[in-house]
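The next block holds one structure in the form of structure tokens; read it before the comments.
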Amino acid sequence: MDSPADAHREVARIFSERVAGVRDWEAPAPVEGWTARDVVGHLVGWLRGFLSGGGVELPSGPSVADDPVAAWRHHADAVQSLLESGRAAEDFTHPQAGTQVLGRLVESFYVADVFMHTWDLARASGQDDTLDPARCEALLAGMRPIEELLRSSGQYGPAVPVPEDATVQDRLMGFIGRDPAWTP
């Protein structure tokens with residue numbers, strides 16, 4: 001099993017490659033009403049606020065509006081530093097998430113989100129959207145038992161039906177409310 005730092009390093013590396021390949025930051029993304037820039041903005045923004053709610057502050061960096069590539073790099077480096085620090089093994093208490101080990105919490109919620117949004121950014125920018133099948137399978141297996149909770153959170157749209165013989169990546173995308181056949 002990867003450590004949270006190892007998992008983030010790998011998932012962020014692939015997302016960083018997709019960020020570097022974006023040529024049109026205003027291109028529509030598979031999330032309704034979002035652009036490629038919004039995908040990066042979501043990932044840079046929500047974790048900062050979430051961690052702050054439990055007393056952990058990430059250093060401020062460039063604005064996604066001004067420079068999404070620099071904003072992502074700064075943010076990914078800050079998260080990696082946090083996960084490689086001793087704080088990652090400490091308990092973290094958040095009003096909505098309870099108390100959990102910080103590194104595992106970041107891995108469960110945030111690294112998984114970066115992984116899934118890699119597909120969104122790749123599709124928005126016409127890049128390779130292939131995701132690691134083992135990680136897709138693990139996420140799908142972990143989310144299915146809590147589907148009602150996920151859907152009621154408002155973070156996931158209704159499931160998009162896919163054929164029974166669909167790839168695990170297409171099944172994951174359909175589960176989280178993405179149409180695996182979506183194109184800009």
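The values are calculated or read from the model by the stated rules, or taken from the named source; none is laboratory data. These numbers were taken from a predicted model, which means no experiment stands behind them. As a convention, Cβ positions derive from the backbone with ideal geometry for all residues, glycine included, and neighbour counts pool all protein chains shown. Calculation scope for accessible area: heavy atoms of the full protein, side chains included, ligands and nucleic acids excluded. Shrake-Rupley method; radii C 1.70, N 1.55, O 1.52, S 1.80 Å.
A compact table of results
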quantity: Pick from region 5-20, criterion open to solvent by 20 Å² or more (accessible area, probe 1.4 Å) and not charged (D, E, K, R), ranking: farthest from residue 175 (Cα to Cα); calculated: 20
quantity: Members of region 57-94 found to be in a loop (DSSP other than H, G, I, E, B) and over 21 Å from residue 42 (Cβ atoms), listed by number; calculated: 85, 90
quantity: Criterion violated by residue 183 - all others in (1) under 29 Å from residue 97 (Cα atoms); (2) β-branched (Val, Ile, Thr); (3) open to solvent by 70 Å² or more (accessible area, probe 1.4 Å) satisfied; calculated: (1)
quantity: Condition broken by residue 99, with the remaining ones in (1) open to solvent by less than 20 Å² (accessible area, probe 1.4 Å); (2) among the hydroxyl-bearing types (Ser, Thr, Tyr); (3) in contact with a strand residue (DSSP E or B) (Cβ under 6 Å, 6 or more places away or on another chain) satisfied; calculated: (1)
quantity: Search result, residues across region 162-180 that are of a type in the set (S, T, N, Q) and open to solvent by 50 Å² or more (accessible area, probe 1.4 Å); calculated: 167
quantity: In region 129-161, residue farthest from residue 89 (Cα to Cα) [restricted to those that are surrounded by 12 or more Cβ atoms within 10 Å (Cβ to Cβ) and among the charged types (D, E, K, R)]; calculated: 129
quantity: Unique match (being more than 12 Å from the chain's Cα centre (by Cα), more than 24 Å from residue 181 (Cβ to Cβ) and β-branched (Val, Ile, Thr)) among 31, 22, 44, 56; calculated: 56
quantity: Residue in region 35-46 that is in a helix (DSSP H, G or I), modelled with pLDDT of 95 or more, under 21 Å from residue 136 (Cβ atoms) and among the hydrophobic types (A, V, I, L, M, F, W, C) present; calculated: yes
quantity: Wholly enclosed helices (runs of 4 or more DSSP H) of region 106-184 bearing at least 3 residues under 21 Å from residue 43 (Cα atoms), under 16 Å from the mean Cα position of the chain (by Cα) and not small (Gly, Ala, Ser); calculated: 112-125, 133-143, 168-175
quantity: Verdict on residue 25 being over 17 Å from residue 155 (Cα atoms), of a type in the set (Phe, Trp, Tyr) and either part of a loop (DSSP other than H, G, I, E, B) or open to solvent by 50 Å² or more (accessible area, probe 1.4 Å) (or both); calculated: yes
quantity: Neighbours by Cβ (under 7 Å, 6+ apart or cross-chain): first from region 86-110, in contact (Cβ under 8 Å) with a residue 40 or more places away in the chain; second open to solvent by 80 Å² or more (accessible area, probe 1.4 Å) and of a type in the set (D, E, K, R); calculated: 102/87; 102/90
quantity: Residue pairs meeting the criteria (Cβ under 6 Å; at least 6 apart or on separate chains; first within 15 Å of residue 137 (Cβ to Cβ), in region 157-175; second among the β-branched types (Val, Ile, Thr)); calculated: 170/162; 171/162; 174/160; 174/162
